[in-house]
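Written below as structure tokens is the structure these notes are about.
The values are calculated or read from the model by the stated rules, or taken from the named source; none is laboratory data. Quick caveat, the model's predicted, so the values are computed rather than measured. Cβ placement follows ideal geometry from the backbone for every residue including glycine, while neighbour counts extend to all protein chains displayed. Ligands, DNA and RNA are stripped out before the accessible areas are found, and what is left, the full protein with its side chains, is counted by its heavy atoms. Shrake-Rupley method; radii C 1.70, N 1.55, O 1.52, S 1.80 Å.
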Amino acid sequence: MKDQKGQRFVAAALMPWGGFVLDPYVYNELPGTEQTRWVVDPFEFLQKALRLPFMPVPDITTESGRRLLLAHIDGDGFPSRAEMPGAPVAALVLLKEILEKYRIPQTVSVIEGEIAPHGLHPELSGQLEDIARKMFKLPHVEIASHSFSHPYLWDTDVKHGIFSDSNEVEYHLNIPNYQVDMLRETQGSTDYIRKNLAPAGKPVRVFQWTGDTAPNEAALKATYDAGLLNINGGDTFISRSNPSLTAVRPHGITKGNYLQVYAPSPTRTSSPICGEGPFMDMNGFWRRLN
């Protein structure tokens, strides 16, 4: 290939030591769409570059030959009003119309700052906490935290430029006299759920990333230190309208000594400015009911 100065260069090659494909020549953009396609077949490229034998490989999406289903619900919008007769809070509709009817194993989280009496809605706290307790008593529901204040940025060294009118670090639930603290968001919110919402003897083991879902090593360490598994991010969007491997993300990413686990399913109802990846939150689930 040639660059703008007419100089030749190699964009991709298989070498004795392995191989490479240089950015930005990994993908081609499809004109008139927001879709991309791999220039090379990633599976064939890696097999040839690493001299791997053709053989079956483990697949964490299957068990005993059957596809696995993973379901988790982020706590966004617990106090939102559903567009249904009587305008009940979305959390109550989720409890009655989804969790009590469809008893599949799934993880459900809450945002402390949305439902606690010291949060944004003290007048609704009693009702919201009671709904959360009923959810968490269900035997097929695993308990999780979706943070204290739903931070947008977990790595303050990264700027996305989405919010140009203020410092992106400050974007979170506007809880009075609170500044984001990593331990308060992770360990603190988990302690609140254990003490106030979880049935006796039922653990809280999962933390679901918020906002851009791109924690740095320090944020990941905070969840590990709290004894929590973590999930969210990745943004897999493969669909009938975009049937390409380029829309499939990896299972996770290692940052330093810690692993962030990506959410694997393409079902999504969140805002496009958030990276909370494939999930259903309470701001959007009731639209599926209609």
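Structure summary
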{"read-out": "Residue within the stretch 122-144 that is open to solvent by 10 Å² or more (accessible area, probe 1.4 Å), at pLDDT 95 or above and closer than 19 Å to Tyr178 by Cα present", "value": "yes"}
{"read-out": "Count of the stretch 44-65 residues which are touching a residue at least 12 places away in the same chain (Cβ under 8 Å) and under 25 Å from Ala263 (Cβ atoms)", "value": "2"}
{"read-out": "Yes/no for Ile238 being at pLDDT below 95 and among the hydrophobic types (A, V, I, L, M, F, W, C)", "value": "yes"}
{"read-out": "Residue check for Thr190: open to solvent by less than 10 Å² (accessible area, probe 1.4 Å), polar (S, T, N, Q), over 15 Å from the mean Cα position of the chain (by Cα) and at pLDDT 95 or above", "value": "yes"}
{"read-out": "Condition check for Tyr102: touching a helix residue (DSSP H, G or I) at 6+ places or on another chain (Cβ under 7 Å) and farther than 25 Å from Asn196 by Cβ", "value": "no"}
{"read-out": "The stretch 1-40, subset within 19 Å of Val248 (Cβ to Cβ) and β-branched (Val, Ile, Thr), residue surrounded by the fewest Cβ atoms within 10 Å (Cβ to Cβ)", "value": "Thr33"}
{"read-out": "Count - residues of the stretch 110-148 that are in a strand (DSSP E or B) and touching a strand residue (DSSP E or B) at 6+ places or on another chain (Cβ under 6 Å)", "value": "5"}
{"read-out": "Any chance Pro266 is surrounded by fewer than 20 Cβ atoms within 10 Å (Cβ to Cβ), within 28 Å of Val26 (Cβ to Cβ) and modelled with pLDDT under 95", "value": "yes"}
